[in-house]
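Let me begin by presenting the structure, written as structure tokens, before commenting on it.
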Amino acid sequence: MNKIVVLILVLCCSFSCKTHQKENTSAISKRQLIVNNKPYLIKGICYHPVPKGSVNRDFKTLTQDLALMQEAGINTIRVYAPIDDAAVLDEINKANIKVIIGFGYNQNGFFDIKSGSFLNYVNTYKNHPAILLWELGNEYNYHPEWFDGDINNWYKAMNAAAVLIHQKDTLHPVATAHGELPDKQTLNACPNIDIWGMNVYRWDNPESIFEQWKNISTKPMYLSEAGGDSYMTITKQGFKKGENQKAQATANANILDQIFKHQDICAGVTMFSFTDGWWKAGNPETQDIGGWAPNSSGVPYDGSPNEEYWGIVDIDRNKKETFNSIKTKYNNIK
């Protein structure tokens, strides 16, 4: 191979790599999330596919799930643990969907913060075009017992982890999923968090949180969890006790209306969740009533989080009523 051919190949490779990086750039501009130099509104869903009878995540239904997500206008999925499979990420990217990758603190060394192995994941996948954000923890502020009884230990670890990610990856912002609105002390303890996700359950109207956030921070925020389930433990507000898809559809439509009215403050939402999780409250072979989550009294319309009824599709991928309400909202908003 002569020197001219080698030089051409090197130049082509360099251009290809730079183009690939340019197409995989997320950034922050004031209160907005920017992707490839354009404002990006998160129209998302929380995604943790666990098959019937199992307690472990499995992507065997990925192709079917992505087709449903595309129909619903979903452009972002939020996962609670890293996806260590390039083929899965490739298929998500092919569907023109981005991923928010969540890292846990102590996951027995599986790309977690405590072991430092999360940085191995960042280094491996930081140039993958499916990646939107790195996210640290999921409403850990409700669990000081995980951090020797002092939640400040988590905030220190989280901020330090964000610093390390910024050193390794300049292409993607770092987020966290905080339970409800953080206070100023928390924000001051974590200056290296670029965008704050918040799991917010304020009935069917999260409107108040946007003004509250505006008053304490100039950073962008998004709702990392919001929504309602499809089971009513009591009859209330015109919704009958028992499985009630209409209650869920109504709540989710109202929540999305408020979010999209406040795009000057809120960068979007990952609704909870894509599919019912039969593994959460009892026998994974059956759909059980019950379950508990911290700070969940604001769940519409009964104040009770029936943990196995949150999907916009059921575990067999049949669409619930809320699928169409979300589809309408996501496909009609720009």
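If only residues of region 91-112 that are over 26 Å from Val200 (Cα atoms) and charged (D, E, K, R) are counted, the one that is surrounded by the most Cβ atoms within 10 Å (Cβ to Cβ) is Glu91. Of the residues Asn295, Asn252, Asn331, the single one that is under 20 Å from the mean Cα position of the chain (by Cα) and at positive phi is Asn295.
Yes/no matrix, rows are residues, columns are (1) within 28 Å of Thr25 (Cβ to Cβ); (2) surrounded by 17 or more Cβ atoms within 10 Å (Cβ to Cβ):
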{"residue": "Lys114", "(1), (2)": "no, no"}
{"residue": "Thr124", "(1), (2)": "yes, no"}
{"residue": "Ile131", "(1), (2)": "yes, yes"}
{"residue": "Asn152", "(1), (2)": "no, no"}
{"residue": "Lys156", "(1), (2)": "no, no"}
{"residue": "Asn159", "(1), (2)": "yes, yes"}
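Report yes if Ala175 is under 20 Å from Ile259 (Cβ atoms) and either of a type outside the set (Asp, Glu) or in contact (Cβ under 8 Å) with a residue 24 or more places away in the chain (or both), otherwise no. Yes. The single condition among (1) surrounded by fewer than 15 Cβ atoms within 10 Å (Cβ to Cβ); (2) part of a loop (DSSP other than H, G, I, E, B); (3) not acidic (Asp, Glu) that Asn331 does not meet is (2).
If the condition is being surrounded by fewer than 17 Cβ atoms within 10 Å (Cβ to Cβ) and in contact with a Phe, Trp or Tyr (Cβ under 6 Å, 6 or more places away or on another chain), then region 270-295 contributes only Pro294. Residue pairs whose Cβ atoms lie under 7 Å apart, separated by 6 or more positions or on different chains, with the first residue in region 127-143 and in contact (Cβ under 8 Å) with a residue 24 or more places away in the chain and the second assigned to a loop (DSSP other than H, G, I, E, B) and of a type in the set (Phe, Trp, Tyr), are Gly137/Tyr105; Asn138/Tyr80; Tyr140/Tyr105. Filter region 214-235 for residues that are under 19 Å from the mean Cα position of the chain (by Cα) and of a type outside the set (Gly, Ala, Ser); which is surrounded by the fewest Cβ atoms within 10 Å (Cβ to Cβ)? So the residue we want is Lys219. Looking at this structure, is Leu33 buried (at least 18 other Cβ atoms within 10 Å of the Cβ), within 15 Å of the chain's Cα centre (by Cα), aliphatic (A, V, I, L, M) and outside any loop (DSSP other than H, G, I, E, B)? For Leu33, the condition - buried (at least 18 other Cβ atoms within 10 Å of the Cβ), within 15 Å of the chain's Cα centre (by Cα), aliphatic (A, V, I, L, M) and outside any loop (DSSP other than H, G, I, E, B) - is met.
Within the span defined as region 118-138, every residue fails to be outside any strand (DSSP E or B) and of a type in the set (Asp, Glu). When residues in region 166-187 are screened for being of a type in the set (Val, Ile, Thr), within 17 Å of Ile101 (Cα to Cα) and surrounded by fewer than 22 Cβ atoms within 10 Å (Cβ to Cβ), 1 of them pass. In summary, Thr233 fulfils each of the numbered conditions (1) out of contact with any helix residue (DSSP H, G or I) (no Cβ under 7 Å at 6 or more places or on another chain); (2) modelled with pLDDT of 95 or more; (3) over 24 Å from Ile209 (Cα atoms); (4) of a type outside the set (A, V, I, L, M) with the single exception of condition (2). Do we have any residue at all in region 78-95 that's closer than 20 Å to Met158 by Cβ, in a strand (DSSP E or B) and modelled with pLDDT of 95 or more? Yes, some residue in region 78-95 is closer than 20 Å to Met158 by Cβ, in a strand (DSSP E or B) and modelled with pLDDT of 95 or more.
The values are calculated or read from the model by the stated rules, or taken from the named source; none is laboratory data. Just so you know, these numbers come straight off a predicted model, no measurement behind them. Note: ideal-geometry Cβ built from the backbone for every residue, glycine included; neighbour counts use all protein chains shown.
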